[in-house]
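Single-structure report; data block below.
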Amino acid sequence: DPASTEPLASTRGAPARSDNDLGDAGFPASGNRKMGTGAELRSLQQMFSPDTASARQSPMLQRVEERLQAQDAVVYKLERRLSEISGQVMALTDELQLQMRKTLNMEATLVDVSHKLEERSPKSSSL
């Protein structure tokens, strides 16, 4: 937009400001914010009044709202996927613990069988 690169004209005869002098939302970056003219204030009131806001949304506001809705949809999908993965991890953790218990039980059984076999085998020292 070529108009946005030109210095902004002041409504009260003060020197023109560039876009760099503006902070968030188009307000001057310094603390020297002055009240606008009555027409500007009425225009802002009309623009942000609840009665006419939905009827006269600016295209920029509509794009922002569309982006927010798209982000909400993405967040919902990510939260849902995170919940699924969390459930899968919990199930795998339970399965791993079960397998560890089975392995420990098998090891204990193997040690018992090994001891019994050693007791039954003939002693090599008696030869």
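The values are calculated or read from the model by the stated rules, or taken from the named source; none is laboratory data. Given the structure is predicted, the values throughout are model-derived calculations rather than measurements. Here Cβ is always computed from backbone atoms with ideal geometry, including for glycine, and neighbour counts include all displayed protein chains. Only protein heavy atoms, including side chains, enter the accessible area calculation; ligands, DNA and RNA are left aside. Shrake-Rupley method; radii C 1.70, N 1.55, O 1.52, S 1.80 Å.
Inside region 75-94, can you point out the residues that are acidic (Asp, Glu) and open to solvent by 90 Å² or more (accessible area, probe 1.4 Å)?
Keep residues of region 75-94 that are acidic (Asp, Glu), which gives 79, 84, 94.
Result: 79, 94.
When region 55-87 is filtered for residues that are more than 30 Å from residue 43 (Cα to Cα) and either of a type outside the set (A, V, I, L, M, F, W, C) or touching a residue at least 12 places away in the same chain (Cβ under 8 Å) (or both), the ones remaining, listed by number, are 71, 72, 76, 77, 79, 80, 81, 83, 84, 86, 87.
If you take the residues in region 110-127 that are open to solvent by less than 80 Å² (accessible area, probe 1.4 Å) and among the polar types (S, T, N, Q), which one is modelled with the highest pLDDT? Step through it out loud before you land on a result.
So in region 110-127, the residues open to solvent by less than 80 Å² (accessible area, probe 1.4 Å) come out as 111, 113-114, 121.
Checking the rest, the ones that are also among the polar types (S, T, N, Q) come to 114, 121.
Details: 114: 93, 121: 83.
Selected residue: 114.
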